[in-house]
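*Asks:* To start, I am sharing the structure in question, which I have written as structure tokens.
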Amino acid sequence: MDRKPFIIMVASQKGGVGKTTIAINLAAALIYRDYRVLLVDSDTASFSIMEHLGIKGTGNGFKEIVSGKAELADSLFVYQNIDLAIVLGSPSDETPEIKPEHLVRFYSQLAKQDYDFIIIDSQPGLFQNSIARYLNDVIIVTTPDSPSAASSAKLASYCEKLKVPHRLVINRTGYSKFELSKEEVEKLFGDVAYVMFPEDKIVPESLSKKKPVYLMDRGAPFAAAVDEIARVYTLKAGEAQSEEAKSKRKGFFEKVAWWTFKSGKDKEE
């Protein structure tokens, strides 16, 4: 494979803000644009992707792959509606303890997969700093209330500390007169790019029907917001591949220059 996948983590500092809904619909929007997408449920506490899509998972999932008990290639579930490859969560009565070295090995595997995009639906809270180098971007999902936004600001600061590119999704906007204003958001998060996702009645309907909003009505306000962020990532992924190609060309020409210099030295001798 000549190109690396663009890895996006969809994160939040607290649960219940719509993180999984956004991860699934972003995956659908990118597939609609003819990209190859892998969706990973790394939330070991809730297994939300299975619930959102009505999947009855009985095989190996995230926990087994990370621990080395199963191979990634043999553990993929394919959501046939849009040919979306998924690493499902692993149903369990206990939250498994994930060793940092196992997680690094898993992300190292992901970086070698033949996909254009890999979207990680993460567990709420701070992700392990050991995997930061594998992330191309982090979407921080919050709702427009002050407690949620203040909590998410901590996650944004964590990303800045690790030098991981990140952006903000403010979900369920427009339903309360007490939600944060644009000025308050910018004061809290600084110059972090953000996209507003509106409160949309089609979202609970999609959860009830176990189908992504993007497949139900692409003209819905929520789907339009998904389109906006999908366009951002198609551009960012193109820029990343361009930089990677430049780096490879630079390395090639450096080798040619060294070989030419060495050949000249050998002839002189």
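*Asks:* For region 29-49, name all the residues that are touching a strand residue (DSSP E or B) at 6+ places or on another chain (Cβ under 7 Å) and among the hydrophobic types (A, V, I, L, M, F, W, C).
*Replies:* L30, I31, V37, L38, L39, V40, F47, I49
*Asks:* If you go through region 137-154 one residue at a time, do you hit one that is closer than 30 Å to G174 by Cβ, surrounded by fewer than 20 Cβ atoms within 10 Å (Cβ to Cβ), in contact with a strand residue (DSSP E or B) (Cβ under 6 Å, 6 or more places away or on another chain) and not hydrophobic (A, V, I, L, M, F, W, C)?
*Replies:* Taking every residue of region 137-154 in turn, at least one turns out to be closer than 30 Å to G174 by Cβ, surrounded by fewer than 20 Cβ atoms within 10 Å (Cβ to Cβ), in contact with a strand residue (DSSP E or B) (Cβ under 6 Å, 6 or more places away or on another chain) and not hydrophobic (A, V, I, L, M, F, W, C).
*Asks:* Shifting gears a bit: With respect to the numbered conditions (1) buried (at least 17 other Cβ atoms within 10 Å of the Cβ); (2) modelled with pLDDT under 95; (3) not in a helix (DSSP H, G or I), which one is the sole condition not fulfilled by D200?
*Replies:* It fails just one condition, (2).
*Asks:* Let me ask something else. Quick check on my filter: what residues within region 56-91 are modelled with pLDDT under 90 and in contact with a helix residue (DSSP H, G or I) (Cβ under 7 Å, 6 or more places away or on another chain)?
*Replies:* If the condition is that a residue be modelled with pLDDT under 90 and in contact with a helix residue (DSSP H, G or I) (Cβ under 7 Å, 6 or more places away or on another chain), then G57, N81, S90 are the ones that fit.
*Asks:* Next up: Go through region 1-47 and give me each residue that's assigned to a loop (DSSP other than H, G, I, E, B) and among the polar types (S, T, N, Q).
*Replies:* S12, Q13, S42, T44, S46
*Asks:* Moving on. Got a number for residues in region 99-121 being of a type outside the set (F, W, Y) and under 19 Å from H166 (Cα atoms)? Talk me through it step by step, then tell me what you get.
*Replies:* The initial filter retains those residues of region 99-121 that are of a type outside the set (F, W, Y), namely 99-105, 108-114, 116, 118-121.
Filter again for under 19 Å from H166 (Cα atoms), leaving 111, 116, 118-121.
Residues flagged as of a type outside the set (F, W, Y) and under 19 Å from H166 (Cα atoms) within region 99-121 amount to 6.
*Asks:* So, in region 209-239, how many residues would count as being part of a helix (DSSP H, G or I) and either closer than 11 Å to A29 by Cα or touching a helix residue (DSSP H, G or I) at 6+ places or on another chain (Cβ under 6 Å) (or both)?
*Replies:* From region 209-239, those part of a helix (DSSP H, G or I) are 209, 213-216, 221-239; that's our starting set.
Narrowing further to those that are either closer than 11 Å to A29 by Cα or touching a helix residue (DSSP H, G or I) at 6+ places or on another chain (Cβ under 6 Å) (or both): 213-216, 222-231, 233-234.
So the answer is 16.
*Asks:* Then there's this: Kindly indicate the residue of region 88-127 that is more than 15 Å from the chain's Cα centre (by Cα) and charged (D, E, K, R) and also surrounded by the most Cβ atoms within 10 Å (Cβ to Cβ) among those meeting that condition.
*Replies:* Among those that are more than 15 Å from the chain's Cα centre (by Cα) and charged (D, E, K, R), it is R105.
*Asks:* Test K182 against the criterion of being more than 23 Å from the chain's Cα centre (by Cα), loosely packed, with under 14 Cβ neighbours inside 10 Å and of a type in the set (K, R), and give yes or no.
*Replies:* yes
*Asks:* Looking at (1) out of contact with any helix residue (DSSP H, G or I) (no Cβ under 9 Å at 6 or more places or on another chain); (2) over 18 Å from H166 (Cα atoms); (3) not basic (K, R), which is the only condition S148 fails?
*Replies:* (2)
*Asks:* Still on this structure: If I ask for residues that are in a loop (DSSP other than H, G, I, E, B) and β-branched (V, I, T), which ones from region 48-67 would you list?
*Replies:* I55, T58
*Asks:* Let me ask another. Among (1) exposed (fewer than 13 other Cβ atoms within 10 Å of the Cβ); (2) without any contact (Cβ under 8 Å) to a residue 12 or more places away in the chain, there is one condition S176 misses while meeting the rest; what is its number?
*Replies:* (2)
*Asks:* Only one residue in S130, S206 is part of a helix (DSSP H, G or I), at pLDDT 95 or above, small (G, A, S) and surrounded by fewer than 20 Cβ atoms within 10 Å (Cβ to Cβ), so which one is that?
*Replies:* S130
*Asks:* Go through region 1-59 and give me each residue that's closer than 19 Å to I98 by Cβ, of a type in the set (D, E) and more than 12 Å from the chain's Cα centre (by Cα).
*Replies:* The one that is closer than 19 Å to I98 by Cβ, of a type in the set (D, E) and more than 12 Å from the chain's Cα centre (by Cα): D43.
*Asks:* Is it true that some residue in region 113-127 is part of a helix (DSSP H, G or I) and touching a residue at least 24 places away in the same chain (Cβ under 8 Å)?
*Replies:* No, that holds for no residue.
*Asks:* With the requirement that a residue be small (G, A, S) and modelled with pLDDT of 95 or more, what does region 1-41 give you?
*Replies:* Correct list: A11, S12, G18, A23, A27, A28, A29.
The values are calculated or read from the model by the stated rules, or taken from the named source; none is laboratory data. Fair warning: this is a prediction, and the values are worked out from it, not measured in the lab. Cβ sites come from the backbone with ideal geometry, for glycine too, and all protein chains shown count toward neighbours.
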